[in-house]
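Below: one structure, written as structure tokens.
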Amino acid sequence: MSKTAVGSDVEAYCTKCKIVLAHSVVAMEGQKPRRVRCNTCNGEHNFRATKPVAKTAAKKTTKTAKKTTTKRTRQSWEEVMQEAAAKPHKQYSMSGSFREGDWIEHAPFGLGCVQTFVAPGKITVRFADATRLLVCNRT
Ligand SMILES: [Zn+2]
């Protein structure tokens, strides 16, 4: 076996051709080539014995791990109602005062959850079938 030195041919991974090809050693580091020149494209680069694969493989595993952690963000109305049944709820009246998140009982519409205050004395309430605008704090 001949000793590797500056000017001798070595097999190395070419960063431009993207395959392992014959290279000429340009610079040495101890017993190993440090910089090489590709015999095919004449490109000079750091010596790499094989194609670097570890990095791309690691990337793939993190991607698949992310996919499995899909969160459920919205509850179905049935689930919301089950939770609400355990909570206290107020009888709805136009003179009543309510807060966001309050549960109210409305004669024709049934049980609903106060969503937001759209204006002083006006609230949006989510019922099983639809979200409705209701009046409150009416004196
Ligand atoms: Zn090359």
message = For the structure I just gave you, tell me whether T50 is within 13 Å of the ligand (Cβ to nearest atom) and either part of a loop (DSSP other than H, G, I, E, B) or at pLDDT 95 or above (or both).
response = no
query = Of all residues in segment 21-32 being modelled with pLDDT of 95 or more and more than 10 Å from the ligand (Cβ to nearest atom), which is surrounded by the most Cβ atoms within 10 Å (Cβ to Cβ)?
reply = V25
task = Name the single residue, out of those in segment 86-103 being of a type in the set (G, A, S) and within 19 Å of T131 (Cα to Cα), that is most open to solvent (accessible area, probe 1.4 Å).
result = S97
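Can you confirm whether E44 is more than 8 Å from the ligand (Cβ to nearest atom), in contact with a Cys (Cβ under 9 Å, 6 or more places away or on another chain) and either free of Cβ contacts under 8 Å to residues at least 12 places away in the same chain or open to solvent by 50 Å² or more (accessible area, probe 1.4 Å) (or both)?
yes
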inquiry  = List the residue pairs whose Cβ atoms are under 9 Å apart, where the first residue sits in segment 4-25 and is polar (S, T, N, Q), the second is away from the ligand (no atom under 11 Å from the Cβ) and in a loop (DSSP other than H, G, I, E, B), and the two are 6 or more positions apart or on different chains.
reply    = T4/Q31; S8/S2; T15/R48; S24/V6; S24/G7; S24/S8
ask   = Within the bounds of segment 81-90, is there any residue that is at pLDDT 80 or above, of a type outside the set (A, V, I, L, M, F, W, C) and assigned to a loop (DSSP other than H, G, I, E, B)?
value = yes
key: Complete set of residues in segment 107-139 that are part of a loop (DSSP other than H, G, I, E, B) and under 16 Å from H89 (Cα atoms)   = A107, P108, F109, A128, C136
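The values are calculated or read from the model by the stated rules, or taken from the named source; none is laboratory data. Quantities reported herein were computed from a predicted structural model and do not represent experimental measurements. Note that each Cβ is placed from the backbone with ideal geometry, even for glycine, and that neighbours are counted across all protein chains shown. Ligands, DNA and RNA are stripped out before the accessible areas are found, and what is left, the full protein with its side chains, is counted by its heavy atoms. Shrake-Rupley method; radii C 1.70, N 1.55, O 1.52, S 1.80 Å.
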